[in-house]
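Notes follow the structure.
The values are calculated or read from the model by the stated rules, or taken from the named source; none is laboratory data. Note that this is a predicted model, so its numbers are computed, not measured. Cβ placement follows ideal geometry from the backbone for every residue including glycine, while neighbour counts extend to all protein chains displayed. To get the accessible areas, we keep the full protein, side chains included, count just its heavy atoms, and leave off ligands, DNA and RNA. Shrake-Rupley method; radii C 1.70, N 1.55, O 1.52, S 1.80 Å.
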Amino acid sequence: MKFSRRKIVTIMAGLVPAAFVLNTVQSKARQSPSYDIIFAAMVDAIVPADEYPGAINLGVNIKLLTHVKKNKNYLQKITSAMAELQQGAQLTQAQDFYQLSLDQRVNIITRMMKSKNTSQNTRIQLSSMRAKTITEFYRSDEAFKMLAYHPPAYGGYPDYHSAPKS
Amino acid sequence: MANDYDVVIAGAGAGGGFAAMSLAKKGFKVLLLERGKRFDYRKDFPMNHPDWELKARAFSRHSSTFKLGETALISPQDHDLCSAKMDENGRLNHLKPKRRGRLVYQRVIGVGGSTLHYQGEAHRYPEHAFYPQKLYGWGQDWPLYYAQLAPYYEQAEHVLGVAGSPNNPFKVPRGDYPTPAHPLSTGSQIAKRGADKLGWNLLANPLALPSESIDGRTPCQHSGGCVQGCIFGAKSSTDLTAIAHAEKTGNLRLLKNTRLLQIETDSKGDISSFIYKRKGKTKRISASIYILALGAIETPRMMLASKSKKHPNGIGNQHDNVGRNFMETIALSLQCRADQPIHSYQGPPLDSRIWDFAKPKRPLRSGFVLGVAGTLSGRHGPQSYAGSIAGMGLDHKQKMRAQFGRDIQLFGIAEHVANEQNRVILTDSLDRDGVPKVDVKSDYGDTDRDSIRTMKEKILQWAEASQLTEIQGLYSSYDRPAAAHVGGTCRMGVNPEKSVTNAKGEVHGIRNLLITDASVLPTLGAGDSPSLTIQALALKIASFVD
């Protein structure tokens with residue numbers, strides 16, 4: 001699934017309010033395309049939408065980035081990793097990362113996570129963001145609906161012995 | 001000097017709690033010392049929150065790890081007993097380690113002890129488990145027999161509100177359980193079809209998870225979260241049952257966050273006091289009777305560490321038996337996946353059992369039980385499950401939908417034949433309270449290896465008959481030691497030269513020291529869970545105190 005321009009506009013619209021409060025240091029950190037676009041494209045690749053919503057539909061990218069931006073050093077590490085991800089896309093596909101298909105993005109992230117040619121920081125951040133994206137997505141109500149799951153705190157499971165419908 | 005209390009008990013777990021209840025009800029003034037805190041099931045257990053997977057586990061820091069000694073080597077001819085992964089050709093590919101891994105002793109330090117995280121299995125040991133030497137030529141016979149323990153089993157079952165069915169042809173006939181058995185989970189129903197084809201009897205597992213309200217408590221809500229702490233207060237952990245009953249008598253004083261440091265003796269060699277630490281201060285307490293209920297590793301540890309003139313090798317260790325005959329959990333588990341959604345995280349985690357193989361058919365063989373589990377692994381909820389699947393993208397998402405809630409484990413647990421070389425030993429290191437640390441030496445004998453081989457054969461047969469063809473791997477306690485059930489380190493026996501306590505739980509040669517925990521067990525019940533036996537024994541031992 002290509003990361004369409006329409007999707008970029010949607011994501012940017014969501015980011016505009018956040019953009020207003022970004023300071024000049026963050027503005028200087030942005031490259032073209034901006035790191036948050038690459039970040040959103042990465043999150044989308046980790047848990048994409050199919051017949052069920054994906055991670056960016058639930059705003060997982062915004063939530064993770066909001067946390068990242070609270071710490072200058074952390075933000076620096078992420079922007080550096082996104083820059084290297086973008087570079088990887090340019091080198092292998094001669095395209096911006098966000099323009100690649102879903103499969104292409106998954107392949108690049110997976111390869112870069114394992115490759116010794118990738119900087120240690122980028123390997124760490126990609127691995128960490130994979131884990132965080134998965135955690136954030138699978139704690140959501142939408143993910144629970146997808147799995148027909150509800151936490152035990154909501155009254156236990158009185159029908160545990162009846163086979164669920166497929 | 002008058003004693004402060006009639007009885008002092010160290011350890012508020014399965015054995016200590018039931019001994020405290022029995023003695024408090026008889027009118028004795030009981031002081032119960034517990035190293036840990038008292039948990040509030042409404043607040044302290046992570047599953048109270050919808051976001052429970054992100055919450056810290058209540059019992060995560062309580063385990064200890066032991067190296068098992070330099071002799072725990074694995075010979076290449078025994079690699080078929082080790083854990084295995086599935087290869088691309090659908091065959092089990094056994095690991096080839098050179099030695100056994102470390103033993104992780106998972107326990108809970110808190111009021112209720114390890115009943116706080118157990119899955120509630122409430123088994124009466126089979127009759128033959130009391131006479132292994134006489135019947136099969138291994139181990140040591142108990143100094144008491146099933147019929148003598150039966151009334152106390154019944155009493156313990158009523159306190160716990162055990163849910164079960166009396167129709168078990170492999171156990172001594174009995175009356176109804178206090179509450180009805182839970183219906184079989186979907187996973188157990190699938191495994192039952194396979195068991196039926198093989199002519200085996202898959203039966204409901206008796207569980208201290210009452211299916212109806214007892215003592216005003218909520219009945220089991222089938223949340224599957226026993227190991228995380230029951231958020232409904234439904235699981236009959238000792239804090240909510242025996243200790244609660246003891247407190248109602250007005251004769252029990254419970255000191256939490258209180259650690260036993262040492263045992264002192266008098267000039268005759270009897271116990272004169274317990275020294276404990278609480279709120280940073282060390283204190284001494286005296287009583288007429290002292291009871292140790294710290295568990296199969298901590299009780300011998302305390303005894304070995306408390307040396308005196310009359311006990312130069314440790315309390316009750318005149319024949320070098322304290323700490324010996326350590327028995328660990330011999331277990332094998334095949335991780336499978338059902339081809340349909342079964343919501344395996346729901347329901348009592350260990351809801352069924354097969355006892356067809358518990359009674360050995362030949363000398364020098366020990367018995368084992370088989371069972372079904374859905375949620376024993378750490379991958380209980382969506383987040384941890386998703387985190388365990390490699391990859392990302394649509395492939396990952398589709399695998400998650402195809403796999404989550406479909407896990408079935410077919411497992412077996414066997415008797416560990418007592419061997420005096422398997423033991424708890426003191427080390428030269430001290431912990432931060434100045435108590436010597438211990439290590440555990442343990443290995444399998446020929447009978448134990450035979451048990452693993454036979455269990456593996458049966459479990460694979462069972463998986464095939466149940467049409468569970470999607471297999472992820474095999475776990476074996478041979479290379480990945482397990483300590484869910486441990487015991488034997490202060491075993492009871494008739495001969496003081498081969499045991500530590502007598503049939504009354506009295507430490508040989510000491511007038512006023514009893515033990516009421518898993519360390520007194522001479523056998524591990526052919527794979528049955530020991531908790532109900534520990535509780536029944538505690539009641540029986542307490543009955544002798546007058």
Could you identify the single residue in B:Thr186, B:Thr218 that is within 12 Å of chain A (Cβ to nearest Cβ), free of Cβ contacts under 8 Å to residues at least 40 places away in the same chain and either surrounded by fewer than 17 Cβ atoms within 10 Å (Cβ to Cβ) or over 24 Å from the mean Cα position of the chain (by Cα) (or both)? B:Thr218
Those helices (runs of 4 or more DSSP H) lying entirely in region A:50-139 with at least 3 residues out of contact with any strand residue (DSSP E or B) (no Cβ under 6 Å at 6 or more places or on another chain) and within 19 Å of B:Met400 (Cα to Cα): A:102-114, A:120-137
Residues that are in a loop (DSSP other than H, G, I, E, B), charged (D, E, K, R) and modelled with pLDDT of 95 or more: does region B:71-89 have at least one? no
Does at least one position in region B:326-334 carry a residue that is assigned to a loop (DSSP other than H, G, I, E, B) and in contact (Cβ under 8 Å) with a residue 12 or more places away in the chain? yes
Per the filter on region A:115-147, residues within 7 Å of chain B (Cβ to nearest Cβ) and of a type in the set (A, V, I, L, M) are A:Ala131, A:Ile134, A:Ala143, A:Met146, A:Leu147
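The rows are residues; the columns are (1) more than 14 Å from A:Arg123 (Cα to Cα); (2) away from every other protein chain (no Cβ under 14 Å).
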position	(1), (2)
A:Lys72	yes, yes
A:Leu75	yes, yes
A:Leu85	no, no
A:Thr92	yes, yes
A:Gln95	yes, yes
A:Leu100	yes, no
A:Gln104	yes, no
Would you confirm whether any residue within region B:380-387 is within 14 Å of chain A (Cβ to nearest Cβ), assigned to a loop (DSSP other than H, G, I, E, B) and either surrounded by fewer than 19 Cβ atoms within 10 Å (Cβ to Cβ) or more than 20 Å from the chain's Cα centre (by Cα) (or both)? yes
Condition met for B:Arg401 (more than 22 Å from B:Arg193 (Cα to Cα), open to solvent by 10 Å² or more (accessible area, probe 1.4 Å) and assigned to a loop (DSSP other than H, G, I, E, B)): no
When you look at B:Arg124, is it modelled with pLDDT under 95 and of a type in the set (D, E, K, R), yes or no? no
Pairs please, first residue from region B:227-247 and assigned to a helix (DSSP H, G or I), second anywhere and among the basic types (Lys, Arg), Cβ atoms under 8 Å, 6+ apart in sequence or on different chains. B:Gln228/B:Arg57; B:His245/B:Lys25; B:Ala246/B:Lys25
Provide a single number: the residues in region B:410-447 that are over 30 Å from B:Ile354 (Cα atoms) and part of a strand (DSSP E or B). 14
Would you tally the residues in region A:109-166 being within 28 Å of B:Cys230 (Cα to Cα), of a type in the set (A, V, I, L, M) and touching a Leu at 6+ places or on another chain (Cβ under 9 Å)? 1
Has region B:194-203 got at least one residue that is open to solvent by 30 Å² or more (accessible area, probe 1.4 Å) and either small (Gly, Ala, Ser) or assigned to a loop (DSSP other than H, G, I, E, B) (or both)? yes
Inside region B:363-408, can you point out the residues that are modelled with pLDDT of 95 or more, of a type outside the set (A, V, I, L, M, F, W, C) and touching a strand residue (DSSP E or B) at 6+ places or on another chain (Cβ under 7 Å)? B:Gly371
Would you please name the residue that is most open to solvent (accessible area, probe 1.4 Å), looking only at residues in region B:251-295 that are in contact (Cβ under 8 Å) with a residue 60 or more places away in the chain and on the phi > 0 side of the Ramachandran plot? B:Asn257
Given the structure, is B:Ser499 at negative phi and not in a loop (DSSP other than H, G, I, E, B)? no
Just give me the residues in region A:89-124 being open to solvent by less than 50 Å² (accessible area, probe 1.4 Å) and either more than 25 Å from A:Asp50 (Cβ to Cβ) or hydroxyl-bearing (Ser, Thr, Tyr) (or both), in sequence order. A:Tyr98, A:Ser101, A:Thr110, A:Ser115, A:Thr118, A:Ser119, A:Asn121, A:Thr122
